[in-house]
Every structure is written in C-alpha cells, then in structure tokens.
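Here the structure is laid out as structure tokens; the discussion comes afterwards.
The values are calculated or read from the model by the stated rules, or taken from the named source; none is laboratory data. Given the structure is predicted, the values throughout are model-derived calculations rather than measurements. Glycine gets a Cβ as well: all are built from the backbone with ideal geometry, and neighbour counts include every protein chain shown.
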Amino acid sequence: MSHAATFGGMCTLVGTSTNLVAHEYARSQGLPGFSMFELGKVGLPVMIAGFAYMLFIGRWFLPRNRAEEPLALADSEGYLAELLVEPRSPWIGREVSAANFHRDLDVKLAGLRRGGQLISVSKPGTHYAAGDSLRVRGSLERILALAEKEGLELHRPRKSGGDSSLEASGEDSLPVTAPESPAEEPVARLP
C-alpha cells in the first residue's frame, strides 16, 4: 500500500509534500514551477513500472501464508484460563505442585486462589479444595483437554447476573498478565 501511495504521489503536484517544496523552490529561483499534472510525464511511467514490478517480481519476496497453519495462535503457549475445582471433585485433597502440574498435564499452574486469598503453588503441603480457582497457562488444546477432566470446570465469566463462585462471594478475579515474550513467566498480582 505504501508503494502504491508513493507511486501515485509522483503523478501530481499535490501528490507529495516534496513536489510542493520543489515547485516553490523553482518559483523562488525565478523558474516557472510546475503545473498540476506536469509531473505525471515522469511519474506515470514510473508508476506503471513500479506496479508491474510489484505484480510480477515483488510478490515473490512476500512471505507465503501456509494453509496448514491457519490457527498458529492456537498452538502457542500464551493462553491463560481459569479453572474451578467442583464440590465433589477427585482433585480435592491432592497436593498442589506447579512442577507436577506442568510435567503431568503440559500446562503451567500460574496461580491458585481460595476464599479471596492467593495461595502459593510452590508451597509444600498445600492441597486442592472445593471452590479453588486455578489460573493455568498453556496451549488452547491442552487447556480445553484439562477442562474436560472430571471435577474441573472452565470458568466462563458472565456479563451480568452470573453466579460463579467468584461472583457469589463478591470477590474480584485475580488479574493475570500475559507474558511479553515466551521466555517470561506470567505475573499474578493481588487486587
């Protein structure tokens, strides 16, 4: 698009500010300046040559979009989600371990919230309880597979009048920020 704008700008006096500057400079030096379409004598052939180049040669320099990768973002590790431990979940009583969570499920456990309190996911001796809110990070496919496991429910915020465990307790959800680069870990902040 920028090349098309540049090529088009070479055809008229008001096409680019440079044309106007050259016109005024020529007039200040006692020369007649340019008429509105006088630059088109040179600009039009250059524009046609430029368009032909972009059409026949330049397109080979552009990256190709592969049809087999339409959802490249779905494979990335950048998805964050909230899972709720259901009341009769088999997860209740299991020890919380971010390392085991990542090793066994290929999803990172970014945070755990219970009753309005942030619980350390690396503290030994901590066990899952009913109503716990797990913040997880991973690929979309892995997060959805984890949400299908018995006793876990994918939290879907409601716009108004919802009755999720966080809304029912009147608590705000834990803000989790996505990493700037894949090497960074997600950061959880208390409200």
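Points to keep in mind about this one:
- Unique residue being touching a Lys or Arg at 6+ places or on another chain (Cβ under 9 Å), modelled with pLDDT under 50 and surrounded by fewer than 13 Cβ atoms within 10 Å (Cβ to Cβ) when the list is Glu180, Glu171, Glu185: Glu185
- Options Phe56, Phe51: the member that is of a type in the set (Phe, Trp, Tyr), on the phi < 0 side of the Ramachandran plot and surrounded by 13 or more Cβ atoms within 10 Å (Cβ to Cβ): Phe51
- Residue count for region 1-20, restricted to those that are touching a Ser or Thr at 6+ places or on another chain (Cβ under 8 Å) and not polar (S, T, N, Q): 3
- In this structure, Phe7 does satisfy being of a type in the set (Phe, Trp, Tyr) and in contact with a Phe, Trp or Tyr (Cβ under 7 Å, 6 or more places away or on another chain).
- Residue among Glu82, Glu69, Glu38, Glu77 that is part of a loop (DSSP other than H, G, I, E, B), modelled with pLDDT of 85 or more and among the acidic types (Asp, Glu): Glu38
- Any hit, region 111-119, residues being assigned to a loop (DSSP other than H, G, I, E, B) and either of a type in the set (Gly, Ala, Ser) or modelled with pLDDT under 85 (or both): yes
- Residue in region 9-27 that is of a type outside the set (Lys, Arg), outside any loop (DSSP other than H, G, I, E, B) and either modelled with pLDDT under 85 or under 30 Å from Lys123 (Cα atoms) (or both) present: yes
- Just one residue in the set Pro45, Pro90 is surrounded by 10 or more Cβ atoms within 10 Å (Cβ to Cβ), at pLDDT 90 or above and not in a helix (DSSP H, G or I); that residue is Pro90.
- Given (1) in contact with a helix residue (DSSP H, G or I) (Cβ under 9 Å, 6 or more places away or on another chain); (2) at pLDDT 85 or above; (3) surrounded by 14 or more Cβ atoms within 10 Å (Cβ to Cβ), number of the condition Thr6 does not satisfy: (2)
- Per the conditions (1) within 41 Å of the chain's Cα centre (by Cα); (2) outside any helix (DSSP H, G or I); (3) surrounded by fewer than 17 Cβ atoms within 10 Å (Cβ to Cβ); (4) not charged (D, E, K, R), the sole criterion not satisfied by Pro32 is (1).
- Tabulated pairs, region 1-16, first in the same structural domain as Gly50 (by TED's automatic domain parsing) and over 11 Å from Met47 (Cβ atoms), second modelled with pLDDT under 85 and not aliphatic (A, V, I, L, M), C-beta under 6 angstrom, 6+ apart or interchain: Thr16/Gly9
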